Amino acid sequence: MPVSDGAAPAQPASPRPGGPVPPSPGARVPLARRRSGRMVGGVAGGVADHLGVDVRWIRAAFVALSLLGWAGVLAYGLLWVFLRQETDVVERTLTRSERLQAAGLLTLSLGLSLVAVTSGSAVLGWIAGPLGLATVGAAVVWREADEAQRRQWARDARSRVGAGRAALARTLLGAALVLTGLAVFLLGNLDLGQVRFGILAALATLLGVAVLTVPWWVRLVRDLGEERRARAVAAERAEIAAHLHDSVLQTLALIQRQSGDPREVQRLARGQERELRAWLYGPGGRARGGSGSPDAAETLLSVAITRVAGEVEDTYAVTVGPVLVGDAELDDDLRALVLAAREAMVNAAKHSGTSEVDVYVEVEPASAEGPGAAEVFVRDRGTGFDPDAVPDDRHGLADSVHARMRRHGGTVRIRTGAGEGTEVRLSMPLREKETA
């Protein structure tokens, strides 16, 4: 039986807030920038965690590199760009003394870089200084970009690797022009004319920068265009969702409440189908690039016939199915035709005893054989009637159909019989240039 001396097992010492995070036995912490416990970009802390050393040694190394003329700034910026940020969230808190120490090292690094540049390393300062600052700036832009933008940049870079000859040539040409401009500037103390050298250096440098940056500007414009199109698609989807909510979903709710009344369910379903078809495929429908708004003024015969058929269908709970072949712009004559057709539909819905009314509209354009005409056929398969037996006090068929059509130069033909249903044929000649 094992004997315990009562001593508690030794616990691993917790790391200092600013110190390295000890890795698990046999494993090394992946190289990544810190999320917490950092002063600038988390580069020094990430390298310290990866190497298992105190972060102060890494910061001191960056300070030492600053003696080479912005080399420390350049190295820090490059690591900031290419090192990913750690995925695990580790709570780290910098003490006040550690913050002061890090700020002092940063100030010392910048001071040493300036001393190195001004003490003789002129060429290195001209090249490494701007390059280091540009790298840090790129790191800041990369860090502030969201994850979607970073993925897009990465996809763009990968897509250009296979066809990279043009990009490589463009980069080499731009770099050569920039270096030429710098060389001319540095050789400007030769007695060959300062003005000429200055102009040549400026032109070469600007041309090189243009060659290097034009693809980035083109990509920026393209990204803006894609973002604009994405916003338009999102707005379109939101509008469609709102319309479906206001129309289809509301109708489905009404159908659910009226599930015990088949005629009412049929009327609601037909009305919603008609409204949705007009919204999608009407003259101003979404499928034709329009807004789908039903408030547009009626200018076509087909739109007017569809509207009055829907009114009769909703009012008398019958199915009215219009079929349209051809179209024409509305005028006074065709408006009279529409009103007469509506009266014929109402009579069929009220007196035929059937629940279905067929409407067929055909527009024949003018030709060498004669002027064009618009014809409307309204047919039901109901009980039919005897036109001679219609009482004199019934003015619907006589005034609203016959008299109206005669006033506008149209004709009416009625074919009916007891038990055979009724067909009303309305014909109206078209004025010139009215066919569509």
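No lab work stands behind these numbers, since they all come straight from the coordinates. Please read these numbers as outputs of a predicted model, since none were measured by experiment. Note that we place each Cβ from the backbone using ideal geometry, even for glycine, and neighbour counts take in every protein chain shown.
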Contour minus Cα-Cα span, Val53 to Ala317, at 0.36 nm per residue, comes to 86.6 nm
Highest mean packing first, using Cβ neighbours within 10 angstrom, the peptides 346-356, 252-262 sort as 346-356, 252-262
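Could you calculate the contour length gain from Thr383 to Asp261, that is, 0.36 nm times the residue separation minus the distance between their Cα atoms, to one decimal place in nm?
Gain on stretching Thr383 to Asp261: 41.5 nm.
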Percent antiparallel among DSSP beta bridges confined to the stretch 302-429, rounded to 5, stands at 75
On the formula 1/(1 + (r/R0)^6), with r taken between the Cβ atoms of Phe82 and Glu239 and R0 of 56 Å, the FRET efficiency rounded to 0.05 is 0.80
Per residue convex hull volume, Cα only, the stretch 302-429, in Å³ is 104
A correct fewest-to-most ranking of Ile414, Ile58 by other Cβ atoms within 10 Å would be Ile414, Ile58
Length gained if Ala253 through Ser367 is fully extended, taking 0.36 nm per residue and subtracting the Cα-Cα distance, is 35.9 nm
Ordered by fewest other Cβ atoms within 10 Å, a rough proxy for footprinting exposure, Leu31, Leu224, Leu79, Leu74 read Leu224, Leu31, Leu79, Leu74
